[in-house]
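To keep things clear, I will list the structure first and then write my remarks on it.
The values are calculated or read from the model by the stated rules, or taken from the named source; none is laboratory data. All figures in this text were calculated on a predicted structure; none of them were measured in a lab. Ideal geometry is used to build each Cβ from the backbone, glycine not excepted, and the neighbour counts take in all protein chains shown. Surface areas here come from the heavy atoms of the whole protein model, side chains and all, with no ligands, DNA or RNA. Shrake-Rupley method; radii C 1.70, N 1.55, O 1.52, S 1.80 Å.
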Amino acid sequence: MTLAKDPPTIGGSADPMFGYGVLDPGGPAVGHQLLSAGQITKEQFDNARDLCTKPGTSFAQALVDSGADAKVVGPKAANLLGVEYEDLTTTQPDPDALALVKELDIRATRALPMRLLGNGEVIRVAMVDPLDIGASDRIHHLTGKRVVSTLCMSGQFLAAVNELFSTASRTTGALQELETLEPEDDPVALRQTAVDSASDAPIVRLVDSIMDAAVAMQASDIHFEAGEGGLAVRFRVDGVLIVHAQIPPSQRASVTARLKVLSGMDVTETRRPQDGRMRYQSHGQQFDIRVSSIRVVHGEKLVLRILRKSAVLVPLVQLGFLPDQQGRFETMITQPHGMVLVVGPTGSGKSTTLYSGLNTLNDAKTNIMTLEDPVEYNVDGINQVQVNARIGLTFASGLRTFVRQDPDVILVGEIRDQETAEMAVQAALTGHLLLSTLHTNSAVGTITRLANLGLDQFLISQALTGVVSQRLVAKVCSQCAEEYRPTPETLRALGIGPEELVGARVVRGVGCRACHNRGLSGRRGIYEVLIIDEEMRRLIISGASEDVMEAAAIERGMRPLRESALYNVRQGITTPAEMGRVVLAKVL
């Protein structure tokens, strides 16, 4: 069936709750055509096939997320659907058309009014799914005009809407409104004011605008930092802190009080550290937020960790493992017993890797128990326990109880001390699969760290099944990526030999609406995966040095972190500069 370029007038009724079903623009057919034409790689096609299982992700968008050029994928998908393609990185909506539909309806229908046609009787709309009749019907009822649909990429749509209805400008407006308010320093009065604040109060609007901006930028953390100049607000986006706003000193206490009330903290307690939690809703999505406060010189510093369950329950294929590495990791976690450790610095994605592994094991036949500090993500089918030192429930004491709960798989949030390490080894040696994390810089360094904790090397060799060391690198924005040739001097400064990139497609992002002009968007894991086989056990028992064990591991198939990072640079996934930031430089 051939679809008309100019769809008929849309009438009918729409679901008032906007429960529109998302079709798949182009479907896998667009991938097959682009693959046959040599415009995408087989790896990009395979990655897209896995990515598009995520609700709301079309095959075309999955191809773009896998590194394909949106300017190639978009027109091809649009052609298959029988509509035109709208590149939202180069076109702006006409204000007259945009004014006809509210932001809430634009986000709900995923349809952006672009311009009026035919003496104002027709409205051209860029849609993530141009075949979504319910969404088109809703736009028709809101505008009273005939709808002509075009295709846009969902990533471009979200970026365009976030820019058009800028949360940053809302923050600026709220700050300007606050300039007219008198400062309030009495803690008791502050608490009463925060509790009694109406939904239209300036402080409430300011906090909401900051939270909305953080969600729109996919920030993992929001920092409210008290200083002489007031309260600095910074977002951590893709592992890097970005300044968002500066709240004046006169309103520092009010904003802090508002955040503490929302998270269930004591507003009058400003000296002792506190922890709290809140739930926040933004554009139809609900987020759990963990809050921590501590006293600093000029007041209190609060850090809000935004918890997204979708960010931790990621299929293994989407984490960034190279194919051979993923196979090695899956072999480790499907063993009936033994200890598997994921290591790396704070913020390197260890919990995400472990939960992705648990998710593959989570079925009705397996008793999975976790001991965490704190439990950040609640997962159905997994028995999760939070450490509570005040009642004597530590990692070590919890492990003692766990082994009497008939577990198949045990996850311990972190091995911090000798007692926990000894209990973990005993659990691994008595028929349980034990997963945990450790702070070390390399997979082989984990063996030395366990020995330093006081474990016998023979027990280490018998209990340890494997180690995954990891880091996170920021990905080049697929919307503004450009190929370039870095100078040999630049590469050597980053610890990369120019000969290592011969024939590679080296890219960087120039900055666009989709990535908030950063040139980078999202992160991907890089890994080294060490399997403890008989040769490695012999080396551990003999007390071999880290250099000897690492050489043996590489000879037996382990890819070092640097090699994994270099692969991502050669594939155009990340930049040489990002590799140099994350991985220790090689002396050239």
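Take the residues in segment 123-135 that are surrounded by 24 or more Cβ atoms within 10 Å (Cβ to Cβ) and in contact with a strand residue (DSSP E or B) (Cβ under 7 Å, 6 or more places away or on another chain), then tell me which one is farthest from Thr89 (Cα to Cα).
Among those that are surrounded by 24 or more Cβ atoms within 10 Å (Cβ to Cβ) and in contact with a strand residue (DSSP E or B) (Cβ under 7 Å, 6 or more places away or on another chain), it is Ala135.
Kindly indicate whether Arg138 is farther than 24 Å from Cys477 by Cβ and open to solvent by 20 Å² or more (accessible area, probe 1.4 Å).
So Arg138 fits the description; yes.
Show me the helices (runs of 4 or more DSSP H) entirely contained within segment 345-436 in which 3 or more residues are more than 19 Å from Leu450 (Cα to Cα) and in contact with a helix residue (DSSP H, G or I) (Cβ under 7 Å, 6 or more places away or on another chain).
In segment 345-436, the matching helices (runs of 4 or more DSSP H) lie at 350-361.
Could you tell me whether Ile554 is out of contact with any Asp or Glu (no Cβ under 8 Å at 6 or more places or on another chain) and farther than 30 Å from Glu578 by Cβ?
no
Among all residue pairs at least 6 apart or on different chains, which show Cβ distances below 7 Å where the first residue, located in segment 558-579, is more than 21 Å from Cys477 (Cβ to Cβ) and the second is modelled with pLDDT under 90?
Leu561/Val583; Arg562/Val583; Arg562/Lys586
Table: residues versus (1) in contact with a helix residue (DSSP H, G or I) (Cβ under 8 Å, 6 or more places away or on another chain); (2) within 17 Å of His516 (Cα to Cα); (3) open to solvent by 10 Å² or more (accessible area, probe 1.4 Å); (4) among the aliphatic types (A, V, I, L, M).
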site: Ala214; (1), (2), (3), (4): no, yes, no, yes
site: Ala226; (1), (2), (3), (4): yes, no, yes, yes
site: Gly229; (1), (2), (3), (4): yes, no, yes, no
site: Pro248; (1), (2), (3), (4): yes, no, yes, no
site: Arg258; (1), (2), (3), (4): yes, no, yes, no
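Can you name every residue in segment 16-34 that is surrounded by fewer than 19 Cβ atoms within 10 Å (Cβ to Cβ) and modelled with pLDDT of 80 or more?
Once the filter is applied, which keeps residues that are surrounded by fewer than 19 Cβ atoms within 10 Å (Cβ to Cβ) and modelled with pLDDT of 80 or more, segment 16-34 yields His32, Gln33.
For segment 521-539, which residues satisfy the criterion of being at pLDDT 90 or above and either more than 24 Å from Pro560 (Cβ to Cβ) or of a type in the set (A, V, I, L, M) (or both)?
Ile526, Val529, Leu530, Ile531, Ile532, Met536, Leu539, listed by residue number.
Quick one: which residue in Leu63, Leu88, Leu112 is assigned to a helix (DSSP H, G or I) and at pLDDT 80 or above?
Leu63
Go through the residues of segment 389-412 one by one and say whether even a single one is under 21 Å from the mean Cα position of the chain (by Cα) and under 25 Å from Leu304 (Cβ atoms).
no
Counting only residues that are at pLDDT 85 or above and out of contact with any Leu (no Cβ under 8 Å at 6 or more places or on another chain), which one in segment 277-290 is surrounded by the most Cβ atoms within 10 Å (Cβ to Cβ)?
Step by step, filter segment 277-290, then rank; the result is Arg277.
Could you grab me the full set of residues in segment 441-479 that are part of a helix (DSSP H, G or I) and either within 30 Å of Ala70 (Cα to Cα) or open to solvent by 40 Å² or more (accessible area, probe 1.4 Å) (or both)?
Within segment 441-479, Thr448, Arg449, Asn452, Gln457, Phe458, Leu459, Gln462 meet the criteria.
Going by the structure shown, is Phe235 out of contact with any Leu (no Cβ under 9 Å at 6 or more places or on another chain) and either under 21 Å from His516 (Cα atoms) or surrounded by 17 or more Cβ atoms within 10 Å (Cβ to Cβ) (or both)?
The answer is no for Phe235.
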